[in-house]
1. Can you name the condition, by its number, that residue 49 falls short on among (1) surrounded by 17 or more Cβ atoms within 10 Å (Cβ to Cβ); (2) free of Cβ contacts under 8 Å to residues at least 60 places away in the same chain; (3) under 19 Å from residue 246 (Cβ atoms)?
2. Pairs only if they're at least six apart or on different chains, beta carbon under 6 angstrom, first in the stretch 297-324 and in contact (Cβ under 8 Å) with a residue 60 or more places away in the chain, second more than 16 Å from ligand 1 (Cβ to nearest atom) and assigned to a helix (DSSP H, G or I); list them, first residue then second.
3. Take residue 198 and decide whether it is at pLDDT 95 or above, surrounded by 19 or more Cβ atoms within 10 Å (Cβ to Cβ), at negative phi and not in a helix (DSSP H, G or I).
4. Looking at the stretch 160-195, which of its residues are loosely packed, with under 15 Cβ neighbours inside 10 Å and part of a helix (DSSP H, G or I)?
5. Give me the residue from the stretch 352-374 that is free of Cβ contacts under 8 Å to residues at least 40 places away in the same chain and touching a helix residue (DSSP H, G or I) at 6+ places or on another chain (Cβ under 8 Å) and, out of that set, surrounded by the most Cβ atoms within 10 Å (Cβ to Cβ).
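The values are calculated or read from the model by the stated rules, or taken from the named source; none is laboratory data. A quick note: this is a predicted structure, and the numbers were derived from the prediction, not measured. Cβ placement follows ideal geometry from the backbone for every residue including glycine, while neighbour counts extend to all protein chains displayed.
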Ligand code: PRF
Ligand code: ZN
C-alpha cells in the first residue's frame, strides 16, 4: 500500500529554496505552496464549505483540542468522521492540541506523561498525552494529523528550550507508536526555541524517525520576524527534500513570501478570518482598517485589483456602515475577501515558481503591498 499522503516536487526555484509541488491525500491532490484556512470548530467561521472551496482552498485545518471538548471526538467518529460531519469532502489537517493547551497558561500543567488542563468552556479537568491526542485525531479522521508537541514560550532560556525539544522528540516517538490508521499521515513537529543549533537538532532527530511530513512549530510566538526567518533558515535545510514542510500558525501576506522563499510548502493561520471580524482587510496595497472614519464616504472598492465577490459588489463605505451597525454580513464579506487575497497570493507564488520568476514576483508584490513592521 502506498503512503496515505505523499509530496511530489514539480519545480524548484534556482535562486532560492522556493519550490512548487503537489500534496497527494486521500481526499484530493493539492498544489503547493498552499495556504490552509482555519476551521477550528469544524467550520471556517461564517463560510459554507462550498464557499471555501470556490475561493480555491483545497485543505483546511481543524483543532483536536476544541473538537475533543465540544462536541467530543466520539460524536464526530459516530457521525462518520470530520469530513462527513462538516460536509467538507476535500483535505483536512488536524493540529494535535499541543499548542492550544499550552496557550491556556495557568489552566495547565506539563509533565513527561502529558498535559493536565482545564477546559476554557466549563472549567472541567482533562489530561492529554501523546497517545490520547493521536487517538482523538484518529477518531476525527483528518488526512494529515500532527504529533503532540510542546511549544516553548518566547523568550525561553536555552536550557528550557533544550529540555522541551527533547521531550517533544520523545512524545513524537510515542505518537508514532500510537498511530495505526494507514489512511492518515502523521507529521512530526520540530521545535527548539530561538536557538539555531537546537532547531537543527530537533529537525535531525525527527528526520531519523522518518515522518511523511514535518511541521515547523514554535515560531510566530512573539519574536521579531527576522529571528523567525533565521530559525527557518536553520531548520528547513535539515528536512528531506521529498517531504512537505509546514510552517504552523503563520500566514500574513509578507510571511507567506518569506516562508516560501525558505522552502516552506504549507501554511495555516487564523489571521485572515479573525481580523475580518475586527474590520480589517488585507489588500494588494497593504492593510485597510474598514472601521476607520476615512472610509465613511469612500465609495471605491475595498481592493480595485481584487476579483472576489466582496470587491466586485460593495464599496468601502458600505462595508464600514455594516461594521459600525454590527451587521453580521460584514464578517462574511471581509472573510471572503481576506481568504481570497491569501489564496490568491499562493496562486501567484506558485505560478511564479513554475515560470522561474519567483524573486521578481516577490519584489512586485512588496513594491505594492509595502513592508510590514515587526
Ligand atoms: N505546535 C503546534 N501547533 C502550532 C504551533 C506549534 O508550535 C504553532 C506555533 N506558531 C502554531 N500552531 N502543535
Ligand atoms: Zn476582494
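1. (3) is the only condition that residue 49 fails.
2. Note: pairs meeting the criteria are 308/336; 308/337; 308/340.
3. no
4. 160, 163, 170, 177
5. Out of the qualifying residues, it is 352.
One line per residue, one yes/no per condition, for (1) under 26 Å from residue 265 (Cα atoms); (2) within 16 Å of ligand 2 (Cβ to nearest atom):
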position	(1), (2)
57	yes, yes
90	yes, no
96	yes, no
110	no, no
131	no, no
144	yes, no
163	no, no
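Conditions tested, residue by residue: (1) surrounded by fewer than 15 Cβ atoms within 10 Å (Cβ to Cβ); (2) part of a helix (DSSP H, G or I).
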site	(1), (2)
66	no, yes
74	yes, yes
77	no, yes
80	yes, no
83	no, yes
94	no, no
112	yes, no
116	no, no
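The rows are residues; the columns are (1) more than 16 Å from ligand 1 (Cβ to nearest atom); (2) over 20 Å from residue 221 (Cβ atoms); (3) surrounded by fewer than 21 Cβ atoms within 10 Å (Cβ to Cβ).
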position: 240; (1), (2), (3): yes, yes, yes
position: 244; (1), (2), (3): no, yes, no
position: 259; (1), (2), (3): no, no, no
position: 267; (1), (2), (3): no, no, no
position: 274; (1), (2), (3): no, no, yes
position: 277; (1), (2), (3): yes, yes, yes
position: 290; (1), (2), (3): yes, yes, no
position: 306; (1), (2), (3): yes, yes, yes
position: 322; (1), (2), (3): yes, yes, yes
